[in-house]
Structure formats: C-alpha cells, structure tokens
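The values are calculated or read from the model by the stated rules, or taken from the named source; none is laboratory data. No experiment lies behind these values; they were computed from the predicted model shown. So basically every Cβ, Gly included, is an ideal-geometry build from the backbone, and we count neighbours across all protein chains shown.
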Amino acid sequence: MELAIVLVLIGLLVGTMLLGNGLLVQSRIKFVANEFEQLKVAVITYQDRYAALPGDDARAASRWVGRSKDGTGDGRISGSYQAVPPGGDPVVALTVDATAGESLNFWWQLRLAGLIVAPPPVVTPVAQPMNAYSGVVGVEWAALGFPRLTVCAANLPGEVAIGVESQLDDGNPRRGLVRAAKQTVDNEAIASADATITTFTTGDADMYILCRRLD
C-alpha cells in the first residue's frame, strides 16, 4: 500500500512537471509570435507618421535634436540582425551608412517615437531586444530570401520554432511569411546558418532563427 501511494505521488509530480513545461513552451510561442506582429504594427505606424522606414529615416536627427542619428534615406536597412551595439553615446559611437548601422538605428528611432518600450538606462538605446533564450531579436534586409525587411529571432528551440511557424504561417520553414534557418552557434549570422532545412527537429541541441517579413 505504501509503495502504491509513493508511485501515485511520483506520477502526479511527473505529470505536473510535464504540464508546467508544456504551458511554459506555449507561453513562449505566444510571446515570440506576438512580438513579431507588434513590431510589424510599430513599423507601419512609424511609416505612416514620418513617411520613412525606422532606422533609415534621414530626418530623424532634426526631429529629435541631439538624441538621434539619421539613416541614409535610401529605403533599405543596412546591417545585420545580430550587429553588436556600440558602447557609449550612440550619437557619437554609432556609425550609420549604406553598409552598416541602420539595423541598430531601427530600434533607436522606434524608441524615440514611443512605439516600442525603451530598455533600462544602463542599456544603450540602439540595442536589440533579447528573447527568453538569450537570442537576439533584430532586423535585417532581405534575410532568408525575402525581398524586403524582416525581423528575426534567434536561439529558438525546435518546439518553439514549430509553434511560431504554425501560428503565423503554413508550417513550412522554406516559404510564406515566416522562414527559418538552423543554427550551430548562438545568435549565428544568417549567412552561415543552414537555410536549406525543410523540417524542424526538436532535439536538445536544436535551435533556429525565425524571420518574418515586415512589409
């Protein structure tokens, strides 16, 4: 009888742990999916308000005097999603040109416009957000075969990548509004990640970059 009670208690404990883990995964799937959608709304709002793409806005420095840096105004975003933010005052430290800087300037201009939450004071305003897996959430032009701007989230486990892809798109990592690449290192550059995958796997070491087009 005592052994039966112990086995029942162990079963309940294991079931509770599995249920809790499943709820956590579902919560993170919803968070990543919502973050993608909210950022799309923020970009559209910025474009409607200022007739420019955030990060590329060539009139930002005159709008926010002493607090912003202009983009090139060429209608594109330069730089990679996982570009390293500079230390110090970004008005001085951030280099913005046709090859780099605008993927960081993107976050700064959205924050100055009040369209996304600013980071804590100890974090530079040009820093990308981080997800629950210490993955960078950043923007990059024409990532994973898309023709325009994308937002990409890195370090996503297989079950989270599957959930987000299925919630926002058709479940296929190679087509549609959301596409994926498999990583071998944390916050990997898209150019070196495996963008040929046709299915997701959910092993302990499997992690993915998901990109969603923003136009």
Specify the residue that is surrounded by the fewest Cβ atoms within 10 Å (Cβ to Cβ); the eligible residues are those in region 28-53 that are aliphatic (A, V, I, L, M) and free of Cβ contacts under 8 Å to residues at least 40 places away in the same chain. Ala51
In the set Ala127, Ala132, Ala142, Ala153, the lone residue that is in contact with a helix residue (DSSP H, G or I) (Cβ under 8 Å, 6 or more places away or on another chain), surrounded by fewer than 16 Cβ atoms within 10 Å (Cβ to Cβ) and not basic (Lys, Arg) is Ala132
Based on this model, can you work out whether Thr45 counts as in a helix (DSSP H, G or I), over 30 Å from Gln183 (Cβ atoms) and at pLDDT 95 or above? yes
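Residue-wise test of (1) in a loop (DSSP other than H, G, I, E, B); (2) touching a Lys or Arg at 6+ places or on another chain (Cβ under 9 Å).
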{"site": "Val160", "(1), (2)": "no, yes"}
{"site": "Ser166", "(1), (2)": "no, no"}
{"site": "Gly171", "(1), (2)": "yes, no"}
{"site": "Asn187", "(1), (2)": "yes, no"}
{"site": "Thr196", "(1), (2)": "yes, yes"}
{"site": "Thr199", "(1), (2)": "yes, no"}
{"site": "Thr202", "(1), (2)": "yes, no"}
{"site": "Cys211", "(1), (2)": "no, yes"}
{"site": "Asp215", "(1), (2)": "yes, yes"}
